[in-house]
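Q: Sharing a structure below in structure tokens format, with a few things to ask.
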Amino acid sequence: MNKTAKLELDGKVYELPTLVGTEGEKAVDISTLRQQSGYITLDDGYANTGSCKSKITFIDGEKGILRYRGYPIEVLAEKSTFVETAYLLIYGELPTANQLKRFSSLLTQNEMLHEDLKYQFEGFPAHGHPMAILSAMINACSCFDPELMEPYNPAIFELEAARLISKVRTIAAFAYRKSRGLPAIYPKPTYKYTENFLHMMFSEPYQDYELRKEVVQALDMVFLLHADHEQNCSTSTVRMVASSRANLFASCAAGVCALWGPLHGGANQAVLEMLKSIHASGDDGSRFIAEAKDKKSGHRLMGFGHRVYKNYDPRAKIIKAKCDKLLAALKISDPLLDIAKKLEETALKDSYFIERKLYPNVDFYSGIIMRALGIPVEMFTVIFAIGRMPGWIANYKEVMDDPASRIYRPRQVFVGPAPRDYVPIDQRK
Ligand code: SDX
């Protein structure tokens, strides 16, 4: 029997139920608080508030633990693939060989965009940010998919999920090609997911891109490491939109917009720009660290800190190790990696970062890998979005499959003006 929490307000004691999660996380269920006491709770940035119960991803921020459906991220990064992990996140179990074959063939069957969508691409300026294009084109895709306009139907969800995961890759590559004034390269049905993305990004009509095993495996792992991360800003956005019963594409297009912010998925682009400016200034990083500690500077050490991880982000550890291996395999030495390592070493010894438990997060090293793979910096957050798509889809499904799920509609504490009379315009000062 779970314990109850006692809350004393205005001389009255209210009892609220508590619950304990699989890993021992504890919560007070406040769903009857307002009805019992007239009080609501207030929690800036939801730092202490759970929006839902979920079975998808578990994070222990203090211990630096991340598991997808119970499987440690380190094991999946070593033994799984992005497509297999996408299936795991969405359907809750690792696929059998037949299930994986069926899922992969659905991705292959849905990799093309409707030919009329190329007119949408023609409307974007070459300098249009690919995250804006990605979000717009996901919704544009849904216009060619009337079934999607029907209310959520589990019977066609599998097809819709495969369509979105497959097409997001094609949209991203087409957006990149458009930004460079290059012709769109169509997917090849013989290629697997990540191979096809690299092919669509970097092949030419007259010459196929050479798919190197190390490059394909590194990018596939980057997608996998970004695949889900419990109730982060963009995933909560997807659940918020899904709670109104909007369709899958609309919910995930909203997720793209939330991810774009520099405090969230946009941080990988901001990290690279930070490293480049440090490199250009000849600073060994110590000047930048001093600025990052000074609130007035407006600078932060991008790629550092996390709302949940108060320890090293396990994904950052994996990516950092992969950086060294990949650059060695490609015979690349990147001064920005050296600067990143120096920044990390300095920050982790500095009391400002130690006291605030600020460690490298997933974005700190991911840009170095993407740069080594030839991905342009403006596409970094798009890579994050492609990786995160299965996590968004899994969360969308969890909302839609839950008969008890209700529309997300937080309360507020009003601190604006008290009631007042209308003043005719000729009497306003
Ligand atoms: C992602 O939520 C997820 O799971 C996200 C994500 C995912 O997979 O979906 O993991 C992906 O978004 C990773 C985070 C990427 N963002 C960045 O790297 C941007 C830089 N980091 C910060 O802006 C910040 O750490 C956040 C946004 C990540 C977390 O912000 P919080 O939890 O609101 O923390 P805060 O801003 O209140 O900071 C607490 C203190 C403050 O100092 P004091 O007021 O206590 O003196 O730490 C300081 C902050 O000024 N601080 C930093 C800092 N991050 C926090 N100071 C310098 N550099 C930083 N990077």
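The values are calculated or read from the model by the stated rules, or taken from the named source; none is laboratory data. Nothing here was measured: the structure is a model prediction, and the numbers come from that model. Neighbour counts run over all protein chains shown; Cβ positions are idealised from the backbone, glycine included.
Q: If residue 362 satisfies all but one of (1) at pLDDT 95 or above; (2) within 16 Å of the ligand (Cβ to nearest atom); (3) within 23 Å of residue 135 (Cα to Cα), what's the number of the condition it fails?
A: Going through the list (1) at pLDDT 95 or above; (2) within 16 Å of the ligand (Cβ to nearest atom); (3) within 23 Å of residue 135 (Cα to Cα), residue 362 breaks only (1).
Q: Then there's this: For the stretch 311-429, which helices (runs of 4 or more DSSP H) that fit wholly inside it have 2 or more residues that are in contact with a Cys (Cβ under 8 Å, 6 or more places away or on another chain)?
A: Details: elements: 314-329, 335-347, 351-355, 362-372, 380-401.
Once the helices (runs of 4 or more DSSP H) in the stretch 311-429 are filtered for at least 2 residues that are in contact with a Cys (Cβ under 8 Å, 6 or more places away or on another chain), what remains is 362-372, 380-401.
Q: Can you tell me which of (1) within 16 Å of the ligand (Cβ to nearest atom); (2) closer than 29 Å to residue 317 by Cβ is the one residue 215 doesn't meet?
A: (1)
Q: Cβ-Cβ distance below 7 Å, separation of 6 or more or different chains: which pairs start in the stretch 366-386 with a residue that is more than 15 Å from residue 194 (Cα to Cα) and end on one that is in a loop (DSSP other than H, G, I, E, B) and of a type in the set (Val, Ile, Thr)?
A: 372/332
Q: Also, I was wondering about something else. Going through the stretch 371-421 one residue at a time, which ones are hydroxyl-bearing (Ser, Thr, Tyr) and either farther than 22 Å from residue 273 by Cα or over 17 Å from the mean Cα position of the chain (by Cα) (or both)? Give the derivation first.
A: Looking only at the stretch 371-421, we keep the residues that are hydroxyl-bearing (Ser, Thr, Tyr), and these are 381, 396, 405, 408.
Scanning the stretch 371-421 gives 396, 405, 408.
Q: Quick check on my filter: what residues within the stretch 4-45 are within 35 Å of the chain's Cα centre (by Cα) and acidic (Asp, Glu)?
A: Answer for the stretch 4-45, where residues must be within 35 Å of the chain's Cα centre (by Cα) and acidic (Asp, Glu): 23, 25, 29, 43, 44.
Q: Given the criterion within 28 Å of residue 197 (Cα to Cα) and acidic (Asp, Glu), identify the matching residue among 338, 334, 350. Break it down into steps so the answer makes sense when it comes.
A: On the way: 338 fails: within 28 Å of residue 197 (Cα to Cα); 350 fails: within 28 Å of residue 197 (Cα to Cα).
Matching residue, one of 338, 334, 350: 334.
Q: Quick check on my filter: what residues within the stretch 245-283 are away from the ligand (no atom under 14 Å from the Cβ), in contact with a Ser or Thr (Cβ under 9 Å, 6 or more places away or on another chain) and not in a helix (DSSP H, G or I)?
A: 247, 283
Q: Out of curiosity, is residue 307 among the charged types (D, E, K, R), within 19 Å of the chain's Cα centre (by Cα), at pLDDT 95 or above and within 16 Å of the ligand (Cβ to nearest atom)? Working first, answer last.
A: On the way: among the charged types (D, E, K, R): yes; within 19 Å of the chain's Cα centre (by Cα): yes; at pLDDT 95 or above: no; within 16 Å of the ligand (Cβ to nearest atom): yes.
It is false that residue 307 is among the charged types (D, E, K, R), within 19 Å of the chain's Cα centre (by Cα), at pLDDT 95 or above and within 16 Å of the ligand (Cβ to nearest atom).
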